[in-house]
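Peer 1: Sharing a structure, written as structure tokens. Questions coming.
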Amino acid sequence: MDPYLLQREEALRKVAGPAKALMAVSIFALAALLASFCFTDALLSSGAAQKMPQPRSMSKETQLVIRMALNIVLQVISAFILCGAMRMRRLQSYRLARIACILAVIPCISPCYVVGIPFGIWGLCTLANPEVRAAFES
């Protein structure tokens, strides 16, 4: 059998675990963020926000709009991590896969926070393997 194919198959096997883990965490995070976004939108549109206790610093509506904006940013980051994990799984775009793993390690923006950190580290360690990197480049 061709050594190139053997090397590629071995690299595919190595990246499969962290890629699948990051994909699962990102999909879960996107679902949770979408549910949170819909809930916040329902609070705003139904007028139920008026029944909430009034915060001192800003209006309830302003707080909910800020929450929705942050939610959208986190959805974009989770989608980017999902895209990078999918590319990692196919040995495409080393840079995108690496950036996705780095984003997963950042606690305040990674999907599902604590769960995404070890999977991001696992992905970074796997991507640092010379055989895996060579398989991306070929």
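The values are calculated or read from the model by the stated rules, or taken from the named source; none is laboratory data. Note that the coordinates shown come from a computational prediction; the quantities given were computed from them, not determined experimentally. In this analysis, Cβ positions are derived from the backbone assuming ideal geometry, glycine residues included, and neighbour counts consider all displayed protein chains. Heavy atoms of the whole protein, side chains included, go into the accessibility calculation; ligands, DNA and RNA do not. Shrake-Rupley method; radii C 1.70, N 1.55, O 1.52, S 1.80 Å.
Peer 1: Looking at (1) touching a residue at least 60 places away in the same chain (Cβ under 8 Å); (2) buried (at least 17 other Cβ atoms within 10 Å of the Cβ), find the lone condition where Ala32 falls short.
Peer 2: The one condition Ala32 does not meet is (2).
Peer 1: Let me ask another. From the list Thr40, Thr62, pick out the single residue that is touching a Leu at 6+ places or on another chain (Cβ under 6 Å), farther than 30 Å from Leu12 by Cβ and modelled with pLDDT under 95.
Peer 2: Testing whether each residue is touching a Leu at 6+ places or on another chain (Cβ under 6 Å), farther than 30 Å from Leu12 by Cβ and modelled with pLDDT under 95 leaves just Thr40.
Peer 1: Does Gln7 satisfy the condition of being over 22 Å from Ala128 (Cβ atoms) and polar (S, T, N, Q)?
Peer 2: Numbers: over 22 Å from Ala128 (Cβ atoms): no; polar (S, T, N, Q): yes.
Considered against the rule, which asks whether it is over 22 Å from Ala128 (Cβ atoms) and polar (S, T, N, Q), Gln7 comes out as no.
Peer 1: May I ask you to list pairs of residues, at least six apart or on different chains, whose Cβ atoms are under 6 Å apart, with the first in segment 84-107 being among the β-branched types (Val, Ile, Thr) and the second being crowded, with 24+ Cβ neighbours inside 10 Å?
Peer 2: Partner pairs satisfying both residue conditions: Val105/Gly120.
Peer 1: Just to verify a result, which residue in segment 74-83, among those that are open to solvent by 40 Å² or more (accessible area, probe 1.4 Å) and touching a residue at least 24 places away in the same chain (Cβ under 8 Å), is farthest from the chain's Cα centre (by Cα)?
Peer 2: Step one: filter segment 74-83 for residues open to solvent by 40 Å² or more (accessible area, probe 1.4 Å), giving 75-76, 79-80, 83.
Among the residues that remain, those that are also touching a residue at least 24 places away in the same chain (Cβ under 8 Å) are: 75, 79.
Details: Gln75: 8, Ala79: 6 Å.
Filtering segment 74-83 for residues that are open to solvent by 40 Å² or more (accessible area, probe 1.4 Å) and touching a residue at least 24 places away in the same chain (Cβ under 8 Å), the one farthest from the chain's Cα centre (by Cα) comes out as Gln75.
Peer 1: Looking at (1) under 16 Å from Gly120 (Cβ atoms); (2) open to solvent by less than 30 Å² (accessible area, probe 1.4 Å); (3) not hydroxyl-bearing (Ser, Thr, Tyr), can you tell me which one Leu64 breaks?
Peer 2: (1)
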